[in-house]
Amino acid sequence: MTDASEPPAARPTGSSGVLRALDAAGAAAARELGGHAARDEALAEYVPERRTLGIPRAARMTPLGRVWRLGVLLVDPDGRLFATGRVVRAERPVRRSTPAASIAEQRAFAAAAVKGGFAEGETVNFGAVPVDPDELVHAAASGPLVVVDDALFVRWNPAQPDALTPLDRYLADRVELLVNPPSGA
């Protein structure tokens, strides 16, 4: 049993290497994206409709900051990585006949983004889960990141467990696409 006050350096060599690689990869991606003023997006928390002292409060999105979306990962300006959750474009609610519940749900999320103060048309990421370094070390996985032989990989397709790419290469490719988007994108 280890003391909770032990410094991270007390972890085994392999796990400290994984944590250093995680920090370095996120920081390098954030530096590169920030240096090129790449297009970023909002990160928010969805707060469902509720009653406060009997007064109904509409669902809304609470701003948490800015992130760059890199496929299955988000990275914030501090280099923290998140598993991409849901994405919506903020738009005012309109009355429309809705053929499917999923479309109605998406429209409700879009309206909640506007209620939270996001400008119409802004892309808002919500339901994103931070990559947990402790979980990554102890369970060898956190969100789309997995550890194989003390190396970090991204599972870029959740439906295919073997769809793994080294984290550094995945981030480099995604950063390049965001910094220099293909013609017409």
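Of note:
- Spin-label model, Ala139 to Trp156: label points 7 Å out along the Cα-to-beta-carbon direction sit 2.4 nm apart.
- Heavy-atom accessible surface of the chain: percent carbon and sulfur, 1.4 Å: 54
- Taking Cα atoms only, the orientation of helix 167-179 departs from the longest principal axis of the chain by about 40 degrees.
- Extension gain, Arg51-Val94: 0.36 nm per intervening residue step, less the Cα-Cα distance, totals 13.2 nm.
- Residue-normalised accessible area of segment 134-185, expressed per residue, 1.4 Å probe, Å²: 62
- Among Val129, Ala21, Leu53 - extreme Cα towards positive end, dipole of the chain, charges at beta-carbon: Leu53
- Rg in Å to one decimal, and Dmax rounded to a whole Å, for segment 10-119 via C-alpha atoms: 18.3, 59
- Taken about its Cα centre, the chain carries a charge dipole of roughly 1160 debye when the Cβ of each Lys and Arg holds +1 and the Cβ of each Asp and Glu holds -1.
- For the chain, the Stokes-Einstein estimate of translational diffusion at 10 °C and a viscosity of 1.306 mPa s comes to 87 µm²/s, using the Kirkwood hydrodynamic radius over alpha-carbon pairs.
The values are calculated or read from the model by the stated rules, or taken from the named source; none is laboratory data. A quick note: this is a predicted structure, and the numbers were derived from the prediction, not measured. Glycine gets a Cβ as well: all are built from the backbone with ideal geometry, and neighbour counts include every protein chain shown. Calculation scope for accessible area: heavy atoms of the full protein, side chains included, ligands and nucleic acids excluded. Shrake-Rupley method; radii C 1.70, N 1.55, O 1.52, S 1.80 Å.
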